[in-house]
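Peer 1: Structure in structure tokens, see below.
The values are calculated or read from the model by the stated rules, or taken from the named source; none is laboratory data. The shown structure was predicted, so the numbers you read here are calculated from the model rather than taken from an experiment. No Cβ is skipped: glycine too gets one built from the backbone with ideal geometry, and neighbour counts run over all protein chains shown. All accessible areas refer to the heavy atoms of the entire protein, side chains included, with ligands and DNA or RNA removed. Shrake-Rupley method; radii C 1.70, N 1.55, O 1.52, S 1.80 Å.
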Number of protein chains: 2
Amino acid sequence: MAVYTEVPDEELEEFLATYEIGELLSYKGIAEGVENSNFLLHTSQGTFILTLYEKRTAAHDLPFFLGLMNHLAAKGLACPTPLRNKPGEMLGRLAGRPAAIVSFLDGIWVRRPQPKHCAELGTALANLHMAGQDFALKRANGLGVADWRGLFESSCARADEVARGLADEIQAELVHFEKNWPRDLPHGVIHADLFPDNVFFIGDRLSGLIDFYFACNDAFAYDIAICLNAWCFEADGAFNITKARAMLQAYTARRPLDRQEMTALPLLARGAAMRFLLTRLYDWLNRPEGALVQPKNPLEYLKRLRFHRDVAGPQAYGLDP
Amino acid sequence: MAVYTEVPDEELEEFLATYEIGELLSYKGIAEGVENSNFLLHTSQGTFILTLYEKRTAAHDLPFFLGLMNHLAAKGLACPTPLRNKPGEMLGRLAGRPAAIVSFLDGIWVRRPQPKHCAELGTALANLHMAGQDFALKRANGLGVADWRGLFESSCARADEVARGLADEIQAELVHFEKNWPRDLPHGVIHADLFPDNVFFIGDRLSGLIDFYFACNDAFAYDIAICLNAWCFEADGAFNITKARAMLQAYTARRPLDRQEMTALPLLARGAAMRFLLTRLYDWLNRPEGALVQPKNPLEYLKRLRFHRDVAGPQAYGLDP
């Protein structure tokens with residue numbers, strides 16, 4: 001559930017007066033996104049999202065995120081488009097925080113994705129990768145392979161509270177990743193957090209991608225690997241090759257994978273599982289007493305990691321190598 | 001912040017299929033209302049609010065609440081109108097809970113009401129009281145004078161943790177109320193919770209009243225007394241007679257108060273302060289460890305209660321007796 005900053009009337013009025021978006025008719029805090037405060041605005045000109053960036057989103061990254069959305073929208077990708085205020089800026093300040101207004105996207109995220117949704121996702125992901133190729137700004141992945149050891153050290157001492165032997169297993173995996181992580185794959189702007197709640201559908205048609213606040217420069221195939229983890233496992237933890245095949249066929253129809261990317265896919269998927277295992281482990285061990293939000297179980301991602309460790313090759317994902 | 005029930009896709013689809021409201025384009029949980037889960041729906045036909053009633057709203061009261069909104073809207077009062085589903089019902093079930101869809105009202109609640117807002121409120125309150133007079137269903141006030149002693153007993157032992165002497169002071173007040181509470185004032189349907197967050201404005205014009213889930217049959221002047229407490233005190237606890245006069249003049253221009261109502265007003269306002277003191281005291285003493293929602297300070301209402309106890313008569317509120 002969203003952090004919820006209360007915005008004083010006068011400050012909101014002043015802030016909105018710096019935009020040309022008509023008369024404010026309603027604004028409501030929405031219970032989505034865990035990083036920032038989001039408000040749905042109705043004005044005489046339409047519907048918009050107002051976001052107040054809370055401290056977990058680094059202020060110096062905002063020009064990258066907003067610039068990227070602006071760039072992608074201009075290329076025809078369905079994603080929120082930041083509005084410019086009268087001085088021409090996409091970023092302002094409200095209630096002591098950086099703040100932006102973006103266009104509202106219709107659509108609903110799918111709680112239980114089917115293969116048809118995975119195919120739509122594959123197409124959109126390839127489009128995103130191609131549309132981002134001439135975006136000028138850069139941002140390193142702050143949760144990439146080089147960051148995992150530091151992240152693990154903050155949870156290491158208590159990891160075995162979650163599962164016996166977990167610390168040793170993660171330790172061995174990190175050594176493997178540090179030694180074998182592929183360095184020269186085709187790369188560019190990736191979304192890096194394209195879970196089902198960030199992908200909107202109207203009926204069976206994908207209507208937009210949201211939440212670009214983990215976007216960064218990294219290997220395209222790593223973004224695919226994140227999606228394999230996020231979209232292609234069932235609630236009981238079983239891998240669904242039909243969903244993976246649907247996603248990969250749609251992706252490669254738009255942007256073919258080269259030999260290196262195909263070969264690397266099991267290791268990238270195993271690494272993507274590690275990245276979410278580590279952040280979930282941290283959140284699990286550091287959840288506030290009595291918090292309303294139940295942290296997600298890190299062990300789901302340990303199970304995925306082991307699956308990818310054991311696959312024979314990219315054909316396990318429905319690819320024809 | 002709202003309770004937030006996650007609704008499975010298929011269940012939502014099935015539920016919406018029982019209504020004629022077009023294609024679903026988006027739904028978002030909104031961070032308003034502490035009693036129920038609220039979702040903003042966009043469909044091809046417009047914007048609506050979907051409410052899932054959580055356990056604090058008694059299911060057997062829902063026909064009263066929904067019937068009342070339907071009745072008031074038909075009389076021209078700006079309030080949410082429950083939609084009827086294809087079988088003609090205003091109430092259904094979703095995610096194991098009673099659920100209803102109501103029309104969406106534009107408008108913004110005013111964080112710092114001014115006298116002009118209080119005047120608009122007075123007119124709307126009188127209109128509400130008159131429009132409810134021929135509503136057929138009845139509901140007793142579950143938080144009326146007869147209920148205060150029981151409510152106090154659940155907090156009594158720990159009341160002095162909040163302020164020394166609080167238990168004794170409440171005890172003495174309850175004796176006074178039980179002996180002197182007026183029984184024969186003009187009565188009908190009252191809102192009973194018309195705080196600023198339940199009153200929407202567009203610019204300076206009142207655009208609607210919401211949240212009828214405390215509505216009941218009680219003295220009209222008691223509803224006025226609740227509003228005096230909720231709208232006419234400053235953040236520092238000082239009473240603002242200009243706001244009270246604006247509200248009462250506007251109210252009485254639509255529905256004059258009789259002699260008994262005027263005379264009773266200080267006692268009713270003192271009682272209304274007790275009602276919110278008691279519920280806030282309970283919430284304060286029973287707040288969950290680490291909860292995100294900070295309960296409201298009960299002592300604000302002790303201060304209001306003392307103010308009303310000390311006034312000389314209804315002229316203290318700007319009324320000419």
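Peer 1: Based on Cβ point charges of +1 for Lys and Arg and -1 for Asp and Glu, what charge dipole magnitude is obtained for segment A:1-160 about its Cα centre, in debye rounded to the nearest 20? Kindly include the intermediate steps, with their values, before the conclusion.
Peer 2: Working: 15 positive and 19 negative charges, 139 e Å.
About 660 debye.
Peer 1: Largest first and to the nearest Å, give the Cα extent of segment A:231-277 along each principal axis.
Peer 2: Projected onto the principal axes, the Cα atoms of segment A:231-277 cover 31, 21, 13 Å.
Peer 1: So what is the calculated 222 nm ellipticity per residue for chain B, using -39500 (n - 2.57) for each DSSP H run with n of 4 or more, over all residues, to the nearest 500 deg cm²/dmol?
Peer 2: Working: 9 runs with 128 residues, N = 321.
Result for chain B: -13000 deg cm²/dmol, rounded to the nearest 500.
Peer 1: Still on this structure: Give me P(r) over the protein assembly as shown, computed from all C-alpha to C-alpha distances, binned every 10 Å, as integer percentages.
Peer 2: Using 10 Å bins, I get a P(r) of 3, 14, 22, 22, 17, 12, 7, 3, 0, 0 for the protein assembly as shown.
Peer 1: Rank these by accessible area, largest first, 1.4 Å probe: B:Glu23, A:Glu173, B:Glu13. Walk me through the intermediate numbers first.
Peer 2: Values: B:Glu23 95, A:Glu173 10, B:Glu13 130 Å².
The most accessible residue leads, giving B:Glu13, B:Glu23, A:Glu173.
Peer 1: Please report Rg (one decimal) and Dmax (integer) in Å for the Cα set of segment A:125-164.
Peer 2: 16.9, 47
Peer 1: Taking R0 as 51 Å, what FRET efficiency do you get between B:Asp134 and A:Asn297 from their Cβ-Cβ distance, rounded to the nearest 0.05?
Peer 2: Numbers: r = 56 Å, r/R0 = 1.09.
The value I calculate is 0.35.
Peer 1: Using the Kirkwood radius over C-alpha pairs as Rh, can you work out the diffusion coefficient of segment A:56-209 via Stokes-Einstein at 37 °C, viscosity 0.692 mPa s, in µm² per second?
Peer 2: Details: Rh = 18.5 Å.
Using the Kirkwood radius from Cα pairs, D works out to 178 µm²/s.
Peer 1: Which semi-axes, in whole Å and largest first, does the equivalent ellipsoid of segment A:82-173 have when worked out from the alpha carbon gyration tensor as the square roots of 5 times its eigenvalues? Please list the in-between numbers first.
Peer 2: Working: eigenvalues 254, 113, 56 Å².
Semi-axes (√(5λ), whole Å): 36, 24, 17.
Peer 1: When the Cα atoms of segment B:202-321 are enclosed in a convex hull and the volume is divided per residue, what value in Å³ results?
Peer 2: Numbers: hull volume 17.0 nm³, N = 120.
So the per-residue Cα hull volume is 142 Å³.
Peer 1: Something else: So what does B:Trp284 come to for accessible area, using a 1.4 Å probe and Å² rounded to 10?
Peer 2: 60 Å²
Peer 1: For segment B:160-199, what's the radius of gyration and Dmax over Cα atoms, in angstrom?
Peer 2: When restricted to the Cα atoms of segment B:160-199, Rg and Dmax are 15.4, 39 Å.
Peer 1: Kindly report the accessible area of chain A per residue (heavy atoms of protein chains, probe 1.4 Å, no ligands, DNA or RNA), in Å². Show your work: numbers first, answer last.
Peer 2: On the way: 13800 Å² over 321 residues.
I get 43 Å² per residue for this part.
Peer 1: Going by a ≥ b ≥ c, the root eigenvalues of the Cα gyration tensor, does segment A:10-115 fall in the rounded group (a/c under 1.5), the prolate group (a/b larger than b/c) or the oblate group? Could you put the intermediate results ahead of the total?
Peer 2: Details: a/c = 1.39, a/b = 1.30, b/c = 1.07.
Judged from the Cα gyration tensor, segment A:10-115 comes out rounded (a/c under 1.5).
Peer 1: So, one more: How big, in percent, is the set of alpha carbon pairs in chain B lying more than 36 Å apart?
Peer 2: Working: 10225 of 51360 pairs.
Looking at chain B, the distances longer than 36 Å represent 20 percent of pairs.
Peer 1: Keeping the other protein chains in place, figure out the carbon and sulfur percent of the accessible area of segment B:186-304, with a 1.4 Å probe. Walk me through the intermediate numbers first.
Peer 2: Details: 2240 of 4430 Å².
Taking all protein chains in place, segment B:186-304 shows 51 percent carbon and sulfur surface.
Peer 1: Continuing with the same structure: Using a 1.4 angstrom probe on protein heavy atoms only, which residues from segment A:38-83 are buried by at least 30 Å² of accessible area when all chains are present rather than their own chain alone?
Peer 2: Listed by number, the residues meeting the 30 Å² cut-off are A:Leu40, A:His42.
Peer 1: Do you know which residues of segment B:202-235 lose at least 20 square angstrom of accessible area in the protein assembly compared with their chain on its own, with a 1.4 angstrom probe?
Peer 2: Hits at the 20 Å² cut-off: B:Ile202.
Peer 1: Is there a pair in B:Lys55/B:Lys303; A:Lys55/A:Lys138; A:Lys179/A:Lys303; A:Lys55/A:Lys75 whose C-alpha atoms are over 24 Å apart, and which pairs would that be? It would help to have the intermediate numbers written out before the result.
Peer 2: On the way: B:Lys55/B:Lys303 32 Å; A:Lys55/A:Lys138 21 Å; A:Lys179/A:Lys303 22 Å; A:Lys55/A:Lys75 30 Å.
Violating the 24 Å limit, Cα to Cα: B:Lys55/B:Lys303; A:Lys55/A:Lys75.
Peer 1: Note down the accessible area of B:His308, probe 1.4 Å, to the nearest 10 Å².
Peer 2: 0 Å²
Peer 1: Hey, can you list the DSSP H helices of chain A whose Cα span along the axis is 27 Å or longer and whose average Kyte-Doolittle score is at least 0.0? Please list the in-between numbers first.
Peer 2: Numbers: long enough: A:259-285 (39 Å, 0.23).
Result, helices passing both filters: A:259-285.
Peer 1: Sticking with this one: Compute, for segment A:92-198, the length of the dipole vector about the Cα centre, with Cβ point charges of +1 (Lys, Arg) and -1 (Asp, Glu) only. Units Debye, rounded to 20. Before the final figure, lay out each step's value.
Peer 2: Numbers: 12 positive and 14 negative charges, 73 e Å.
Dipole magnitude for segment A:92-198 comes out near 340 debye.
Peer 1: Quantify, in whole percent, the carbon and sulfur part of the accessible surface of segment A:126-173 (1.4 Å probe; protein heavy atoms only).
Peer 2: On the way: 1320 of 2530 Å².
After summing per-atom areas, the C and S share lands at 52 percent.
Peer 1: From the Cα trace of segment A:58-133, what convex hull volume per residue do you get, rounded to a whole Å³? Intermediate values should be presented prior to the final figure.
Peer 2: On the way: hull volume 10.2 nm³, N = 76.
Here the figure is 135 Å³ per residue.
Peer 1: Further question on the same structure: If you take the accessible area of A alone, add that of B alone, and subtract the area of the pair, what total do you get in Å², probe 1.4 Å, to the nearest 100? The partial results should precede the final answer.
Peer 2: On the way: alone 15340 and 15320 Å², together 27570 Å².
Using a 1.4 Å probe on protein heavy atoms, the buried area is about 3100 Å².
Peer 1: In segment A:3-24, which residues become less accessible by 50 Å² or more once every protein chain is in place, relative to the chain on its own, using a 1.4 Å probe?
Peer 2: Flagged in segment A:3-24: A:Tyr4, A:Asp9.
Peer 1: Rounded to a whole number, what % of the accessible area of segment B:29-69 do carbon and sulfur atoms account for, probe 1.4 Å? Don't jump to the answer; show the numbers that get you there.
Peer 2: Values: 740 of 1380 Å².
Percent of accessible area from carbon and sulfur atoms in segment B:29-69: 54.
Peer 1: How do A:Lys116, A:Lys243 stack up against each other in accessible area, from largest to smallest, with a 1.4 angstrom probe? Display every interim value, and only then the final one.
Peer 2: Details: A:Lys116 105, A:Lys243 15 Å².
Correct descending sequence by accessible area is A:Lys116, A:Lys243.
Peer 1: Additional query: Compare B:Asp204, B:Asp258, A:Asp236 by solvent-accessible area with a 1.4 Å probe and give them largest first, with all protein chains kept in place. Write out the running numbers ahead of the final one.
Peer 2: Working: B:Asp204 85, B:Asp258 55, A:Asp236 110 Å².
Largest accessible area first, the residues go A:Asp236, B:Asp204, B:Asp258.
Peer 1: Indicate, rounded to the nearest 5 percent, the antiparallel portion of the DSSP beta bridges found entirely in the protein assembly as shown. If you can, show how the numbers build up before the last one.
Peer 2: Details: 67 of 69 bridges.
Expressed as a percentage, antiparallel bridges in the protein assembly as shown total about 95.
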